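The structure appears below as structure tokens.
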Amino acid sequence: MKLSPHAIKELSSLLGADHVRTDALSLSLYSYDCSLSATRPDGVLLLDKAAQVAPVLRLLHHYKIPFVPRAGATNHAGSCCALKGGVILNLTALNNILEINTQAGFAVVEPGVITADLQAALAPLGYFYAPDPASAQACTIGGNLAQNASGARCLKYGGTLDHVLSAQVVLPDGTQTTLSRQTPGPDFVGLFAGSEGTLGVITQLTVQILPLATHIQTFLVTFPSLSESIQAVSALVARGVIPRCIEAMDKTTLQAVEGFAHAGYPTQAEALLILELDGTPAQTKKDAAVLTQVCLQFHAQHFTSAKTDEERAQLWRGRRSAYAAMARLSPNVMVGDGTVPRDQLPTALARVQKILKDYPLQASLLFHAGDGNFHPHILFDQRNKLQTRSAAHVLHEILKTCVSCGGTISGEHGIGVEKRAVMATQYEEDTLSLFQKIKRTLDPQNLSNPLKIVPQNFKEKAKPALALPPEISALQTQLLAWQQAKTPFIIAGSNTHLKTKHPAVLCTQTLNQIIEIDTANYTVTAQAGVTLSALHTALKKAGVYTILPEDKGTLGGLFCGGTLPPFYSHVLGVEALLPDGSYVRYGGKLMKNAAGYPLTRLFAGSQGTLGLVTQLTFKVFARKQPTVKPHPFHKAEITDFWALFTRALGGGLV
């Protein structure tokens, strides 16, 4: 589409004529990001105040002009490309750190604040921001949330969605809203994580900050094979040691990195791990002894520990230079970020190596070993059409391999347009339909970064749906009967907290199975009607631990009731029966999943208003965890923003 003279005139009046660009050079400069995608927008808007966003979006909504929010544009999935033309919203000037409150443990920032700049501001105060993407010197806090970036410290500290406390957002029609984790109801802050600008524009974030560790110890360890390095990681986690970082490289990567960054990596090794522990000196010393023992058990060859901050920085300089090091070897580098359950890493990597051998392309493997998240770097020359097609095909085959191993096509880079088609291999039609419904709920005119995330014509291509267990099928039949009769109904667990006397209750008490306690991945999969007492008995018998309290009620009731928000970040997968009878499956034994809108956060605290949660997969630990006391249950008042989703999904729910 082309911008009309009237639209340009009104935008110029709002922003100033020099902040509205339609010249060929500007359109070309904003036509691409760090992916292969390149599409020219019709205009570029340079915003320098957060207050400008809402009136600009109202104007774009009036003229039905699509828009793409953009700051650092460091993503690898084509998320910042204007597929339907329209305008690019350049938010890089919104880069102010508005407040740092060490006493309360938060910082308030604008979306264009560069991640490393926030870290630099916090360090002299003895604090840090836990998310740590490799592109921290260039990526922004707003972009981190939009892509749900994670980085090296995710294993211990979680991803960006776990560290954003609240966000000010402007919806596609110009409506301003504040999403906060202090507000009862679904975790809508978490829902925006990984939304890639498709649900609106983030204008301000309040992020959690943490005290710097009293002691950090960094190790470099090499192994005779990738397989042995991965086995060492699994064994370490099984011993209860959770490093703050576990980064792995294959021989191709470490040789390229050493040639570029001169970090002191042994270039003849087949595999290299960088492991970092933090905590008190006593705990770090104890964990370091276990780490040493485990690495030697799996035939570690070169084992060193950084003695000074300078040595530690040197080791990390190599890791952070990996993309640049590979880029020296070829005109273009295609980067993937598939993720699999940790115990599936050896299988997935073996299959990936076989795929790479079948094509005449050089590639390397770099991964967050503790998270099961790996980044194949595929070298090619975009000027060579055959190489470009081959590289794209290889990446898609690798991502499909991740799905076949119980994984996801994105752990932290997002979907954008380049991985959009592969989404259909990961999700069933009902889940993709829910993603589409979430998009339409907040953006009915499809103006906010359109044509991203959800695959086109997915009903024809979606992953075949699995048959429902009999107990869930029975609940589905009852739900559909009430819907057909237009009978309002309520969703409840054991009715411990809700205490409803409503005549029509869809109850999870028949969903009382603990499906699996997996001590390889340290996850539990259990149906929503499992009582907390039965769950604790089973966990104790298996020798694993959780933050869940020994309380009355059910697992689903605790998750959906909103009484234990700290548990949300432990939930990795969810299955739910929606009011229209459809059945959605999201996540699983994955420490990271940036493929689609985070449904675990949509249903968290939803109090039965959006559907019946039937099953959860959540993290457990090898060491005892401090349990969290739940808040008293209160029936939450539905906010206007929440009501958008209850109307879209609610059906006959009371």
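The values are calculated or read from the model by the stated rules, or taken from the named source; none is laboratory data. Everything quoted here is computed from the prediction, not taken from an experiment. Here the Cβ positions follow ideal geometry from the backbone for every residue, glycine too, while neighbour counts run over all protein chains shown.
Criterion first (among the hydrophobic types (A, V, I, L, M, F, W, C) and closer than 18 Å to Glu196 by Cα) does Val53 satisfy it?
When the stated conditions are applied, Val53 passes them.
Return the residues of segment 354-373 that are touching a helix residue (DSSP H, G or I) at 6+ places or on another chain (Cβ under 9 Å) and under 22 Å from Arg328 (Cα atoms); say none if nothing qualifies.
The answer is Leu356, Tyr359, Pro360, Leu361, Gln362, Ala363, Ser364, Leu365, Leu366, Phe367.
Checking the structure you have, find out if any residue of segment 64-85 is out of contact with any Phe, Trp or Tyr (no Cβ under 6 Å at 6 or more places or on another chain), farther than 30 Å from Asp337 by Cα and either assigned by TED's automatic domain parsing to the domain that holds Asp173 or of a type outside the set (Ser, Thr, Tyr) (or both).
Within segment 64-85, one or more residues are out of contact with any Phe, Trp or Tyr (no Cβ under 6 Å at 6 or more places or on another chain), farther than 30 Å from Asp337 by Cα and either assigned by TED's automatic domain parsing to the domain that holds Asp173 or of a type outside the set (Ser, Thr, Tyr) (or both).
Which residue is nearest to His62 (Cα to Cα), if the candidates are limited to segment 1-12 and must be in a helix (DSSP H, G or I) and of a type in the set (A, V, I, L, M, F, W, C)?
Once the filter is applied, the top-ranked residue is Ala7.
Looking for whichever is under 20 Å from His393 (Cα atoms) and crowded, with 22+ Cβ neighbours inside 10 Å here; the options are Leu349, Leu356. Which one fits?
Answer to the selection: Leu349.
Among the numbered conditions (1) crowded, with 16+ Cβ neighbours inside 10 Å; (2) closer than 18 Å to Lys84 by Cα; (3) in contact with a strand residue (DSSP E or B) (Cβ under 7 Å, 6 or more places away or on another chain), tell me where Leu11 comes up short.
(2)
I want to confirm something. Restricting to segment 427-482 and keeping residues that are touching a residue at least 12 places away in the same chain (Cβ under 8 Å) and of a type in the set (Ser, Thr, Tyr), which single residue is nearest to Cys81 (Cα to Cα)?
Ser448
Would you point out which residue out of Thr477, Thr441 is among the hydroxyl-bearing types (Ser, Thr, Tyr), closer than 24 Å to Arg647 by Cβ and assigned to a helix (DSSP H, G or I)?
Just one listed residue meets the conditions, Thr441.
Leu386 - would you say it is without any contact (Cβ under 8 Å) to a residue 60 or more places away in the chain and over 17 Å from Lys357 (Cβ atoms)?
In short, yes.
Go through segment 211-228 and report how many residues are more than 25 Å from the chain's Cα centre (by Cα) and either part of a helix (DSSP H, G or I) or closer than 30 Å to Tyr127 by Cβ (or both).
The total comes to 11.
Scan segment 13-33 and give yes if some residue there is within 24 Å of Thr177 (Cβ to Cβ), not charged (D, E, K, R) and not in a strand (DSSP E or B), otherwise no.
yes
Would a scan of segment 361-370 turn up a residue that is of a type outside the set (Val, Ile, Thr), surrounded by 17 or more Cβ atoms within 10 Å (Cβ to Cβ) and in contact with a Gly (Cβ under 8 Å, 6 or more places away or on another chain)?
Yes; the residues of segment 361-370 include at least one that is of a type outside the set (Val, Ile, Thr), surrounded by 17 or more Cβ atoms within 10 Å (Cβ to Cβ) and in contact with a Gly (Cβ under 8 Å, 6 or more places away or on another chain).
Please specify each residue of segment 227-242 satisfying the condition of being touching a helix residue (DSSP H, G or I) at 6+ places or on another chain (Cβ under 6 Å) and hydrophobic (A, V, I, L, M, F, W, C).
Ile230, Ala232, Val233, Ala235, Leu236, Val241, Ile242
Hand me the list of helices (runs of 4 or more DSSP H) wholly inside segment 512-622 holding 2 or more residues that are among the charged types (D, E, K, R).
532-542
Kindly provide the set of residues from segment 540-550 that are surrounded by fewer than 19 Cβ atoms within 10 Å (Cβ to Cβ) and modelled with pLDDT of 95 or more, ordered by number.
Answer for segment 540-550, where residues must be surrounded by fewer than 19 Cβ atoms within 10 Å (Cβ to Cβ) and modelled with pLDDT of 95 or more: Lys540, Lys541, Ala542, Gly543, Ile547.
Here is a yes/no grid of residues against (1) at pLDDT 95 or above; (2) surrounded by fewer than 20 Cβ atoms within 10 Å (Cβ to Cβ):
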| site | (1), (2) |
| --- | --- |
| Gln426 | yes, no |
| Ile453 | yes, no |
| Leu468 | yes, yes |
| Gln483 | no, yes |
| His502 | no, yes |
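List the helices (runs of 4 or more DSSP H) inside segment 94-184, counting only whole elements, that have at least 1 residues being over 27 Å from Asp48 (Cα atoms).
154-157
Residue by residue through segment 99-113, note down the ones that are in contact with a strand residue (DSSP E or B) (Cβ under 8 Å, 6 or more places away or on another chain) and free of Cβ contacts under 8 Å to residues at least 60 places away in the same chain.
Residues satisfying the conditions are Glu99, Asn101, Gly112, Val113.
Condition first: part of a loop (DSSP other than H, G, I, E, B) and of a type in the set (D, E, K, R). Now tell me which residues in segment 358-400 satisfy that.
Matches in segment 358-400: Asp358, Asp381, Arg383.
Does any residue of segment 395-411 turn out to be surrounded by 22 or more Cβ atoms within 10 Å (Cβ to Cβ), modelled with pLDDT of 95 or more, at positive phi and not assigned by TED's automatic domain parsing to the domain that holds Glu228?
Looking for residues that are surrounded by 22 or more Cβ atoms within 10 Å (Cβ to Cβ), modelled with pLDDT of 95 or more, at positive phi and not assigned by TED's automatic domain parsing to the domain that holds Glu228, one finds none in segment 395-411, hence no.
Which one of the conditions (1) crowded, with 23+ Cβ neighbours inside 10 Å; (2) at pLDDT 95 or above does Ser166 fail to meet, given that it meets all the rest?
Result: Ser166 passes all but (1).
For segment 344-356, state whether one or more residues are among the β-branched types (Val, Ile, Thr), modelled with pLDDT of 90 or more and closer than 27 Å to Val524 by Cβ.
Yes; the residues of segment 344-356 include at least one that is among the β-branched types (Val, Ile, Thr), modelled with pLDDT of 90 or more and closer than 27 Å to Val524 by Cβ.
State yes or no: is Leu89 in contact with a Leu (Cβ under 6 Å, 6 or more places away or on another chain) and either within 23 Å of Lys9 (Cα to Cα) or not in a loop (DSSP other than H, G, I, E, B) (or both)?
yes
Does Arg342 qualify as being among the basic types (Lys, Arg), touching a residue at least 60 places away in the same chain (Cβ under 8 Å) and outside the structural domain of Leu379 (by TED's automatic domain parsing)?
Considered against the rule, which asks whether it is among the basic types (Lys, Arg), touching a residue at least 60 places away in the same chain (Cβ under 8 Å) and outside the structural domain of Leu379 (by TED's automatic domain parsing), Arg342 comes out as no.
Look through Gly197, Gly185, Gly174, Gly158 and report the one residue that is buried (at least 24 other Cβ atoms within 10 Å of the Cβ) and either in the same structural domain as Ala107 (by TED's automatic domain parsing) or closer than 30 Å to Ala289 by Cβ (or both).
Of the residues listed, the single one that is buried (at least 24 other Cβ atoms within 10 Å of the Cβ) and either in the same structural domain as Ala107 (by TED's automatic domain parsing) or closer than 30 Å to Ala289 by Cβ (or both) is Gly197.
State all residues of segment 138-152 that are modelled with pLDDT of 90 or more, in contact with a strand residue (DSSP E or B) (Cβ under 8 Å, 6 or more places away or on another chain) and either polar (S, T, N, Q) or closer than 24 Å to Ala248 by Cβ (or both); if no residue qualifies, say none.
Within segment 138-152, Ala138, Cys139, Thr140 meet the criteria.
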